Each structure stands twice: as structure tokens, then as C-alpha cells.
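Notes follow once the structure below has been shown.
No value in this document is a laboratory result; all are computed from the given coordinates. Since the structure is predicted, the reported quantities are computational estimates derived from the model, not experimental observations. Heads up, the Cβs are rebuilt from the backbone with ideal geometry, glycines too, and the neighbour counts pull from every protein chain shown.
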């Protein structure tokens, strides 16, 4: 394999071997702690454009199998691993990770000391980086990194959201709307197994949603800053317009945007939560959850909003979900659909169904 480099904006350089597509990529360098599920996370729209570090040391032994991807393409900008397994084991089968990345034009780099890299990110916070495969001088790459803007132009949500309204008729009594900010396939699958589903582009105004006679609205996960001006003018405004009109449930990015709709604030976390083993305290019980986010709701900003933080991360005390004091609105920062991860909180989809049913009486 060709040699390449991972260069961080602080000047740190890691040398490794390029696999996947022989190209270069720049973006925000983040890490995930999951031991499995790399097919799901690299196809998760919430990771759009990021350079993803797998903290588990051996990646590629499980093949890429149809039905597990969370979107129709690889969403990350590049993959960083300690050891890349070129061919999946016979026990798992499937397409190799190498060929999957190559097919989608995404580079990977192996041979990186991911333990050192994760520690560096933990201590210094998420930073920009570049996977370099073409021999560009390190000084030139570093200079470009310093001027790289990750939040310029439109929100990345515009790139991953559906472009037109479409429906799934499951033959159910209730119909749920989905404001798609980059929904994972597992969310849609779980909703479609319980309800009819109408999926709306992220910039759909409230009157278009209510015209479809949905019984409630799910605001989904997605990439980028929930307080980006594009999101404030679309998703957050729609959420605000629907307060008191429809039951609403926000997941991940949707939790943040719904909080903004109700007058709260969000902030960028130092390293975020990415993995499938995050403990969350809810209703006097600890649930193990799957998470993938770099922003969170400020608990202090909830004061006076009637939005109450009732899900709390056991590790760091951050807000993991909220419920409205009077209205049928609640959120979870984590992913109840998992995929991969524990199924501890799948009941929340049924709870939302009960809320929608009560709203029809």
C-alpha cells in the first residue's frame, strides 16, 4: 500500500498506509469508541465530511453487508485506523472495507497510533486534519488547514437531507412526519414498523407539514452546528411554529434544534460522544445508549423555557434529553434505534406513538 500522512492543525504528523480510495481529504478529526458497527457509522449522515478515528484497533475483519448501511453512501471524509484487515473473515463475509471505501471515493489510512491520537484529541479537543496521499509537502498542507473553514456556506444538513417529500404507507392507524436533517436508515425503519411515515426535507415550512395531516413530527439527527443560520431559519423556525400544534420528538441533532426552538441554547463539546456504550440516567434507571454528536444543549439555558432536562449522561453530566412541562414534546440526544448498539431505549418510539394517539382524541 502507498504511504501517506495524517496531519493535524497543531502540526502533529502521523505516517501510515493509504487504503480505500487513493485521494486526500481534510475535515474535522473525531473519534468513536465503538468496538463494532463501523459500517453503520461511516454511512451515518451525522458524520458527513468528518475524518473518523476508530479507537478499536482492528477494523475490516467484518465485511460490508447489505442492509446495515445507514444511508446510500459513505458519509465520512476519511477513515483512520490502527490496523486495517484487508479481507473480511469467512465467518462474517461481505465486501471488504477497502473496496467499499474505494467505490465511494473515500480514503483511509492505517498504521496510525490511534491510542496516541485519541489521547491528543481528548486533551486538546476536536481539531482539523488532513489525510494526505499525494505527496503534498507537510508545510503546505498545514498552511491550508489553518485557513480551512468548516462552518462556511450552507449547513451540511442541506447535502444529506432528502430533496423532496415522500411517503411510506405501512397500513397503520397513525402517521408520523419526519423532518429529515440527515436521518439514519434505522430511524426510518423503526418508525415505519409502527406508523405510516411522511419524510420532509429539512427546510420544509410548518404549513406544508400540517397540510399532510401527520399526527406528530420527529426531528432527526444530522451533521454540523444546530445554531448555524441556515438551520435557525429552517429547522428551528419550523419547530417553533409547530409548538402546541403537533406532538414532537427530537433525536440527536433534533434534540438540539427543538431546544433552540423553545428558547434554549446549544454549544460545541470538546470531543463529543461517539460510540455505542454511553450510560444515560432517565426515570431513575441507567440505560446504555448509542450516540454520535459533537454539540449539546446547555442545561443552564433551559431555565424559563418549560423544557426540563430529564436524561443525563452519567459520565459527564451533560444533557441527554428533555421533556416539556406541559406540551407533548420530548427529545433524546442519544439514538434509541441504536444500529449498532443496545436496544434499551426502543420503547421511546412506542411512547411517542402513545402521545400521538392521545393527541388524536
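Quick notes on this one:
- Computed label-point distance, nm, for sites residue 233 and residue 299 using a 7 Å Cα→Cβ extension: 3.5 nm
- Under the simplified labelling scheme, the residue 115-residue 152 pair shows an inter-label distance of 3.9 nm, with each label point 7 Å from Cα along Cα→Cβ.
- Of 143, 15, 40, the one that fluctuates the most in a GNM where the chain has Cα springs shorter than 10 Å: 143
- Comparing 77, 182, 135 in a Gaussian network model of the chain (Cα springs below 10 Å), the most mobile by mean-square fluctuation is 135.
- With helices as the sole contributors, the chain gives -5500 deg cm²/dmol at 222 nm; each DSSP H run of n ≥ 4 counts as -39500 (n - 2.57), and the sum is divided by every residue.
- In plain terms, the chain from residue 99 to residue 123 could stretch by 5.3 nm, reckoned as 0.36 nm per residue minus the Cα-Cα distance.
- Potential lengthening between residue 212 and residue 90 on full extension [0.36 nm per residue; Cα-Cα distance subtracted]: 39.1 nm
- On Cα atoms only, tilt of 347-359 relative to the major axis of the chain in degrees: 30 degrees
- With Cα atoms, 0 to 90° folded angle of helix 138-147 axis to the chain main axis: 20 degrees
- Principal-axis analysis of the Cα atoms of the chain puts helix 114-124 at an angle of about 60° to the longest axis.
- Nearest-0.05 FRET efficiency for residue 165 and residue 241, computed from C-beta distance (R0 25 Å): 0.90
- Rg/Rg_globular for segment 157-359, with Rg_globular taken as 2.2 N^0.38 Å and Rg from C-alpha atoms: 0.92
- Sequence-separation-based contact order of segment 1-133, relative, with Cα cut under 8 Å and 6+ spacing, percent: 37 percent
- Comparing 314, 178, 280 in a Gaussian network model of the chain where C-alpha atoms under 10 Å apart are linked, the largest mean-square fluctuation is found at 314.
- For segment 3-147, alpha-carbon Rg relative to the globular expectation (2.2 N^0.38 Å, N residues): 0.97
- Segment 186-227: Cα Rg divided by the 2.2 N^0.38 Å rule of thumb: 1.28
- Centroid-to-centroid separation of segment 117-134 and segment 143-216 [C-alpha atoms, Å]: 31 Å
- Applying 0.36 nm per residue to the separation of residue 10 and residue 173 and subtracting their alpha-carbon distance, the gain on full extension is 53.2 nm.
- Cα Rg, Dmax (largest Cα-Cα span) when computed across segment 278-348, Å: 11.9, 36
- Calculated log₁₀ intensity ratio I(q)/I(0) where the Debye formula runs over C-alpha points of segment 315-361, q = 0.22, 0.29 Å⁻¹: -0.90, -1.14
- Modelled spin labels at residue 327 and residue 310, positioned 7 Å past Cα toward Cβ, are 1.6 nm from each other.
- Distance between segment 50-68 and segment 224-257 - C-alpha centres, whole angstrom: 31 Å
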